[in-house]
Amino acid sequence: MARVSQEHLDARRRQILDGAARCFARNGFHATSMQDVLTEVGLSAGAVYRYFRGKDELITAIADEAFTGVRSAFLEASKTVPPPTPDVLLGAVLRLFLEERIPGADRQAFGRLILQVWSETLRDERLAAALASGYGGMREAWSELVAAYRANGLMTADVSADHVARTLIAVAQGFIAQQALFGDVSVEILEDGLRGLMSMQTQSAS
């Protein structure tokens, strides 16, 4: 029997995850059956179950991928000299995930999927743990980016790096929610809004 290459295995796993993501985004997690996923990806049950035992494992894998991708983007940005400002970085990361993340799906799909992941964490301890780990990783990545801003003279040191990190994560989360619920929000709006806020000048006391 011919040996299956790792490249083939990775491609098949990608096919399954993309198909499952389209199903979950379109119909909701609970309304989607494993048969729906099989139909979407055009594979047999045996082929899919070789990689994932059920819907819970699929949605956990999708969430893990998203967190890993976002954290990697932030860590890479922290190594750039000077590091990209928040409007540029958040715009680039959100554009990638919101507009290009799920092949064959509409532009609201990833936002709808993320909202479902968040809601599932309220009942699924394993998914909640994955979310907490991903959130912690993003806070660390943003904190490192804040350190890079300060090292390059772009930010003062009078505010906690973790507080800045939490605030920027909240901005991203809010934008994802708007995209999922209303669908009329482009990444350019976020970039322009952040640039406007960043342009504010504090007035010294006379």
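With ALA20, ALA31 as the choices, which residue is of a type in the set (Gly, Ala, Ser) and in a loop (DSSP other than H, G, I, E, B)?
ALA31
Can you tell me which residues in the range 113-149 are polar (S, T, N, Q), open to solvent by 50 Å² or more (accessible area, probe 1.4 Å) and farther than 22 Å from GLY28 by Cα?
Matches in the range 113-149: SER133 only.
When residues of the range 150-206 are filtered for being in a loop (DSSP other than H, G, I, E, B) and closer than 29 Å to PHE24 by Cβ, how many remain? Even if it seems obvious, please write down each step before you answer.
Step one: of the range 150-206, the residues in a loop (DSSP other than H, G, I, E, B) are 152-160, 183-186, 199-206.
The next check asks that each one be closer than 29 Å to PHE24 by Cβ; those that pass are 183-186.
So the count comes out to 4.
Do you know which residues across the range 42-60 are surrounded by fewer than 18 Cβ atoms within 10 Å (Cβ to Cβ), closer than 19 Å to PRO103 by Cβ and out of contact with any Lys or Arg (no Cβ under 8 Å at 6 or more places or on another chain)?
The one that is surrounded by fewer than 18 Cβ atoms within 10 Å (Cβ to Cβ), closer than 19 Å to PRO103 by Cβ and out of contact with any Lys or Arg (no Cβ under 8 Å at 6 or more places or on another chain): GLY42.
Among the residues of the range 174-184, is there at least one that is free of Cβ contacts under 8 Å to residues at least 40 places away in the same chain, open to solvent by less than 100 Å² (accessible area, probe 1.4 Å), in contact with a Phe, Trp or Tyr (Cβ under 9 Å, 6 or more places away or on another chain) and of a type outside the set (Asp, Glu)?
no
Could you count how many residues in the range 40-81 are assigned to a helix (DSSP H, G or I) and within 26 Å of ALA148 (Cβ to Cβ)?
At the first step, the residues of the range 40-81 found to be assigned to a helix (DSSP H, G or I) are 40-41, 45-49, 55-78.
Now restrict to residues that are within 26 Å of ALA148 (Cβ to Cβ): 64-78.
Residues meeting the conditions: 15.
Have a look at LEU96, LEU89, LEU122 and point out the one that is in a loop (DSSP other than H, G, I, E, B), free of Cβ contacts under 8 Å to residues at least 60 places away in the same chain and not basic (Lys, Arg).
It is LEU122.
Hey, could you check the range 150-173 for residues that are polar (S, T, N, Q) and within 21 Å of VAL70 (Cα to Cα) and say which is surrounded by the fewest Cβ atoms within 10 Å (Cβ to Cβ)?
Checking each candidate, the answer is THR167.
Out of the range 71-85, which residues are of a type outside the set (Lys, Arg) and open to solvent by 20 Å² or more (accessible area, probe 1.4 Å)?
SER72, ALA73, LEU75, GLU76, SER78, THR80, VAL81, PRO82, PRO84, THR85
The values are calculated or read from the model by the stated rules, or taken from the named source; none is laboratory data. This one's a predicted model, so the numbers in the text were calculated from it and none came from an experiment. Counting neighbours? That spans all protein chains shown, and the Cβs are built from the backbone with ideal geometry, glycine included. The accessibility values were calculated without ligands, DNA or RNA, using every heavy atom of the protein model including side chains. Shrake-Rupley method; radii C 1.70, N 1.55, O 1.52, S 1.80 Å.
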